[in-house]
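Just below is one structure, and these are the notes that go with it.
The values are calculated or read from the model by the stated rules, or taken from the named source; none is laboratory data. Please read all numbers here as calculations on a predicted model, not as lab measurements. In this analysis, Cβ positions are derived from the backbone assuming ideal geometry, glycine residues included, and neighbour counts consider all displayed protein chains. These accessible areas exclude ligands, DNA and RNA; they are computed on the full protein's heavy atoms, side chains included. Shrake-Rupley method; radii C 1.70, N 1.55, O 1.52, S 1.80 Å.
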Amino acid sequence: MTVTIAAIQMCSGTDPVRNVETMQRLVREAAAKGAVYVQTPEMTGAIQKDRQGLRAILRPEADDLVVAAAADLARDLGIHVHVGSTAIALADGKVANRGFLFGPDGARICSYDKIHMFDVDLDNGESWRESAVYTPGSIARMADLPFARLGFAICYDVRFPELFKAQAQAGAEIISVPAAFTRQTGEAHWETLLRARAIENGVYIIAAAQAGVHEDGRETFGHSMIIDPWGRVLAEAGGTGEAIVLADIDTGAVKAAHDRIPNLRNGRTFTLESTSAASKGGVAA
């Protein structure tokens, strides 16, 4: 079954109202070009580094502007709208980095909370501690759509191949990786990681990204991508500014990739052992 899918590239600011307006415009444009599934980036609702500033605009899921607008778009356009993620206020005062998938009737199909927190110190002086703000998820998600089984990941999750393997072994044909990759890590690893996850698992990868210099001062890498199960880049955006990338996908390519390289079937369990060689006179005994 061949369908057209789209990844939306944004440069979200600190105002959710303006970001929602951008999302609405780009999703409508993608649907007008034939997309039946449209994915937005991580942190669609706002990119806000200041914790107090972020908490000032947070809303619970039932009142969130992005969630409401995405449901309306899906229903009005008769498509699947996937909010890559947005920050959601939780009842315990904490925050979730949560993605949402809405069906053509506007109903929520499922949500996914980012599992792996980006807690790193980069050599350019950038330091990130997502775990200081966000509560990590603990449940991997998949959803059966009319055209494919879709698995969920968000940004830093891409560095944990076991998540992707588990979903592929459970029948995922597409895995989504909406992101807000930093410029430094994006230049080094973005395409390599995405193509590796596609190749290892024989799945399509759809990765909508944030791109450019944001109002809070951070810079994201962009280069939203759609990659096929053989690791070929089908569509790619640039490194700055808004964009829509579209590609026609056929889940038959997933079976073809698995038949050509059946690594998911050929995997074996094993025992890992470590041996310490005793030395004598500098030579292993």
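Springs between Cα atoms under 10 Å define the GNM used for the chain, and in it the highest mean-square fluctuation of Arg25, Arg232, Arg260 occurs at Arg260. For segment 178-191, backbone phi angles converted through the Karplus equation (6.51, -1.76, 1.60; θ = phi - 60°) give residue-by-residue couplings of x, 8, 9, 5, 5, 4, 4, 6, x, 4, 7, 9, 3, 5 Hz, Gly and Pro being listed as x. For segment 1-117, a Kirkwood radius taken over Cα pairs fed into Stokes-Einstein (10 °C, viscosity 1.306 mPa s) yields D = 112 µm²/s.
Counting only C-alpha contacts under 8 Å and six or more residues apart, can you give the relative contact order of segment 86-149 as a whole percent? Computed over segment 86-149, the figure is 28 percent. For segment 1-62, the relative contact order is 44 percent, taking Cα pairs closer than 8 Å that sit 6 or more residues apart in sequence and dividing their mean separation by the residue count.
Could you compute the net charge surrounding Pro146? Neighbours are other residues with a C-beta less than 15 Å from the C-beta of Pro146; K and R count +1, D and E count -1. That sum, taken over residues with Cβ under 15 Å, equals -3.
How much FRET efficiency would the formula 1/(1 + (r/R0)^6) give for Glu200 and Ala56, where r is the Cβ-Cβ distance and R0 is 41 Å, rounded to 0.05? That gives a FRET efficiency of 0.50. Averaged over residues, the count of other Cβ atoms within 10 Å places the peptides 244-250, 83-89 in the sequence 83-89, 244-250, highest first. Rounded to the nearest Hz, the phi-derived 3J(HN,Hα) couplings of segment 82-92 under the Karplus curve 6.51 cos²θ - 1.76 cosθ + 1.60 (θ = phi - 60°) are 10, 6, x, 5, 8, 7, 10, 6, 9, 5, 8, where x marks glycine and proline. Couplings for segment 263-270, taken from phi via the Karplus curve 6.51 cos²θ - 1.76 cosθ + 1.60 with θ = phi - 60°, read 5, 5, 8, 8, x, 10, 6, 8 Hz in order; Gly and Pro are left as x. Counting only protein heavy atoms and a probe of 1.4 Å, the accessible surface of the chain is 49% carbon and sulfur. Heavy-atom accessible surface of segment 128-266, averaged per residue, reaches 40 Å², computed with a 1.4 Å probe.
Short-range pairs are left out: with C-alpha atoms under 8 Å and at least six residues apart, the relative contact order of segment 140-210 is 33 percent. The H on the amide N of Ala235, modeled in the peptide plane, is under 5 Å from the matching H of Ile226, each at least 5 residues off or on a different chain. Cα axis of helix 65-77 to longest principal axis of the chain: angle in degrees, 0 to 90, nearest 10? Its long axis makes an angle of about 80 degrees.
Each part gets one Cα centre, and for segment 75-135 versus segment 1-70 those centres are 11 Å apart.
Among the lysines, which fall within straight-line cross-link reach of Lys114, defined as a Cα-Cα distance under 20 Å, with same-chain neighbours fewer than 8 residues apart omitted? Of all the lysines, those that pass the test against Lys114 - Cα under 20 Å, at least 8 places apart if same chain - are Lys49, Lys94, Lys165. Highest-first packing order for the peptide set 68-77, 45-54 is 68-77, 45-54, based on the mean count of other beta carbon atoms within 10 Å.
Quick one: pull the percentage of alpha-carbon pairs in the chain with a separation above 32 Å. When every Cα pair of the chain is considered, 24 percent fall beyond 32 Å.
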